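K.L.:
Please see the structure below; I have some questions.
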Amino acid sequence: MHNTHEITHNIFWVGGNERRLSRFENMFPLNNGIAYNAFVIIDEKTALLDTVDVSISDLFLTNVQYALNGKTLDYLIINHMEPDHCGNIVTMLRHYPNVKLVGNAKTFQFFEQFYPIDAKANYMIIKDQDELSLGKHTLKFFTAPMVHWPEVMFTYETSEKILFSADAFGTFGGLNGGIFADECDFNLDYLSESRRYYSNIVGKFGGPVQSILSKFNELEINMICPLHGPLYRGAELAFIIQKYEQWSTYQPEVQSVLLIYGSMYNNTEMVVDVLANKLARFGIKNMKIMDISQYDLSYVIAEIWKYSNIVIATPTYNADVFYKNHALLHEMAALNVQNRKISLIFNSSWGGKSQETVTGYLSKLKNISLIGEPLLIKSTLKEDNEPALEALATSIFNSFQ
Ligand SMILES: Cc1cc2nc3c(=O)[nH]c(=O)nc-3n(C[C@H](O)[C@H](O)[C@H](O)COP(=O)(O)O)c2cc1C
Ligand SMILES: [Fe+2]
Ligand SMILES: [Fe+2]
């Protein structure tokens, strides 16, 4: 049985959901799986835009065959050559031996690296802004290097004004019947997962995202079809583009404080709780405290994308930063976190190089302002720390003025 949806006349969603997957890329925890989107366009010539992960191959093949309704497949557009989308290219070649694989030079370099079969006779190598007519529908290809791999392309269908945007605008989470963001409570069900997807998977590449977005400034877009999660049209389309503008320029969405701490025996936690209490008394709202040990770091990274101010509190562990804080700092540098106000709290009992390590990581980040003096605690918070804690709270409060 197929499970397809005609998203507009003669354009079919032929993707599927994989809800048993507990970690995307074997790393990022999933609560409700993930959707792999793929699309078929029926015209004088037929085209399939991307395939899906091998975990849903059977459903995918049934869906494609249903949408084609007995026709052959003329073109397979490869917008992204990552296994979660290219996992069924070889299967498609087996079923449709004459299909033209449409990609750029890098696409085929990666194709050959992943699948050592000779399919050169099927290649149709295109360049940025090339067009392909299917009849009434015309596809225009835009290379989108490093959003988030080097071979990525966006495909724009000119008659319906649909942008097939590869992983950009994707989100974690399976689809809940409705395929469009306006068919669900997007803010409640997907926005935080969309932010977690963006920040962890695309976040490093703000510059490339900006340059591809700018290419579409003049083009009218009625619909965005990413490779994961709901599709966008109408108000939701404008909303997600505005979010991408913010996320890719590293602009915080919330003017408030995110307090992240590691703590083995709750003493560092206490410092953070007292600081947050002081900040709340100053009138700062919507703060969030995260015990780093309780979270997969992808959730912490997503919150870092959201907040203007970040407090990082770390105990000393084996003479260095507590290991999850260490991993977070590494990830912040790797993902190119920028434009944040950061305050630091260190807790040690006998000593180590935590401060040196943190300073080293922060020096790799662009546009970071250090707010207040680093607060140094010896094992537990005491009355004599009060002036320094009050001073830190005041500095953070003043950073909003
Ligand atoms: C396994 C372990 C290793 C530690 N290594 C250090 C260290 O190298 N230097 C140091 O000053 N404190 C070290 N400590 C002590 C912690 O820094 C201390 O427990 C912490 O400051 C108290 O804060 P907490 O209750 O938030 O964990 C270590 C503690 C543990 C449990
Ligand atoms: Fe990808
Ligand atoms: Fe993907």
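Coordinate-derived values only; no laboratory data. Computed from a predicted structure; not experimentally measured. FYI the Cβ positions are ideal-geometry reconstructions off the backbone, even for glycines, and counts take in every protein chain you see.
K.L.:
Treating the angle as unsigned and between 0 and 90°, give the value, to the nearest 10°, between the Cα long axis of helix 297-306 and the longest Cα principal axis of the chain.
P.N.:
Between the helix axis and the principal axis of the chain, the angle is about 80 degrees.
K.L.:
Tilt of helix 105-114 relative to the longest C-alpha principal axis of the chain, in degrees (0 to 90, nearest 10)?
P.N.:
Approximately 80 degrees, to the nearest 10.
K.L.:
So how strong a dipole does the chain carry about its Cα centre when Lys and Arg Cβ are +1 and Asp and Glu Cβ are -1, to the nearest 20 debye?
P.N.:
Roughly 540 debye, rounded to the nearest 20.
K.L.:
Nearest 20 debye, what's the magnitude of the dipole of region 143-206 about its Cα centre given +1 on Lys and Arg Cβ and -1 on Asp and Glu Cβ? Could the numbers behind the result be given before it?
P.N.:
Numbers: 4 positive and 9 negative charges, 70 e Å.
So the magnitude is around 340 debye.
K.L.:
In whole angstrom, note down how far apart the Cα centers of region 166-187 and region 270-288 are.
P.N.:
Centre-to-centre distance over Cα atoms comes out at 34 Å.
K.L.:
Among residues other than Asp384 whose Cβ falls under 14 Å from its Cβ, what is the net charge (Lys/Arg +1, Asp/Glu -1)?
P.N.:
Here the charged neighbours net out to -1.
K.L.:
Within the P(r) computed for the chain, what percentage of the Cα pairs occupies the region above 28 Å?
P.N.:
Above the 28 Å cut-off, the chain has 51 percent of its Cα pairs.
K.L.:
Now a separate question. Which of Val99, Phe60, Tyr36 sits closest to the plus end of the dipole of region 21-162, meaning its Cα is farthest towards the positive end, when Lys and Arg get +1 and Asp and Glu get -1 on the C-beta?
P.N.:
Going by the Cα projections, it comes out as Val99.
K.L.:
How far, in degrees from 0 to 90, does helix 323-334 lean away from the longest principal axis of the Cα atoms of the chain, to the nearest 10?
P.N.:
So the inclination is approximately 50 degrees.
K.L.:
Over every pair of different alpha-carbon atoms in region 254-398, take the mean of 1/r and invert it; report that Kirkwood radius in Å.
P.N.:
With all distinct Cα pairs of region 254-398 included, I get 15.0 Å.
K.L.:
Mind checking the dipole of region 254-398: about its Cα centre, +1 per Lys or Arg Cβ, -1 per Asp or Glu Cβ, Debye to the nearest 20?
P.N.:
Computed charge dipole of region 254-398: roughly 420 debye.
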